[in-house]
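Visitor: Before I ask anything, here is the structure I am working with.
Rule-based calculations on the coordinates, nothing more; no lab input. Since the structure is predicted, the reported quantities are computational estimates derived from the model, not experimental observations. FYI the Cβ positions are ideal-geometry reconstructions off the backbone, even for glycines, and counts take in every protein chain you see.
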């Protein structure tokens, strides 16, 4: 079962930052936080992952609290194409863990509004 | 570079019939995964191949489901006989099989299966 809690849905105005929260209060020291999203009629797509430091890539930023019990995915300038279901996933990190399957929760349905 | 492809995109069959779904992973990806989302539920893992070997099939719901990956390239998932509760979207994903913390899984667009 998923070890994360996310709001069911959120709205965001186009061009504004979308901040998607995730609670993972039982996360272990060797577990990473991953974010995937699923745009309608497509398969899930990897966005970003992190352990304890904040991370940024061309798609998004990931802010992890110091106690690692929660995190926020930030889409800095949301567009209509960012409308999707966003999944926060906790995953054990090991030398082999990159090969293990993903455990999806219910995710957050983000609607970007013009 | 081509992504993960799945065929067919949609399939509508009657209860009791057989359906075979196909997945072509990204070239060079030894890991191949099958997932599915049934109506109103989360995306669930079904099984994992490393090359032609089944690494983990703990998510397969029952023996009506048979997955194969002969030659370690494309994979098929056969449902025989199909039941109403098998309706949903079946996703395939692939990744490099490297022993490291993160290998990005690339997903196909899915096959939407409807069992009437």
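Visitor: Using the number of other C-beta atoms within 10 angstrom as an exposure proxy, rank A:20, B:116 with the fewest first.
Guide: Values: A:20 23, B:116 10.
In order of increasing Cβ crowding within 10 Å: B:116, A:20.
Visitor: Taking the Cβ of each residue in A:12, A:88 as the centre, tally the other Cβ atoms inside 10 Å and list the residues starting with the fewest.
Guide: A:12, A:88
Visitor: Work out, step by step, the length gained on full extension between residue B:76 and residue B:96: first 0.36 nm times the residue separation, then minus their alpha carbon distance; give nm to one decimal.
Guide: Extra length from residue B:76 to residue B:96 when fully extended: 5.3 nm.
Visitor: Take every residue in peptide B:87-99, count the Cβ atoms of other chains within 10 Å of its Cβ, and give the average of those counts.
Guide: Values: counts 0, 0, 3, 0, 4, 1, 5, 0, 3, 2, 3, 4, 6.
What the average comes to for B:87-99 is 2.
Visitor: Further question: Can you pull the mean other chain C-beta count within 10 Å for peptide A:100-110?
Guide: 4
Visitor: Follow-up. Could you give the nm distance between label points at residue B:2 and residue A:81, where each point is 7 Å from its Cα heading toward the beta carbon?
Guide: Going from the residue B:2 label point to the residue A:81 one covers 2.3 nm.
Visitor: Another one. Could you let me know the centre-to-centre spacing of segment B:1-42 and segment A:1-72, using Cα atoms, in angstrom?
Guide: What the calculation gives is 26 Å, centre to centre.
Visitor: What does the average come to when, for each residue of peptide B:49-61, you count the partner chain Cβ atoms lying within 10 Å of its Cβ?
Guide: That average works out to 1.
Visitor: Related question: Would you please give the FRET efficiency between residue A:92 and residue A:40, computed as 1/(1 + (r/R0)^6) with r the Cβ-Cβ distance and R0 = 30 Å, to the nearest 0.05?
Guide: 0.50
Visitor: Would you list A:34, B:96 from fewest to most Cβ contacts within 10 Å? Display every interim value, and only then the final one.
Guide: Details: A:34 22, B:96 16.
Ordered from fewest to most neighbouring Cβ atoms within 10 Å, A:34, B:96 come out as B:96, A:34.
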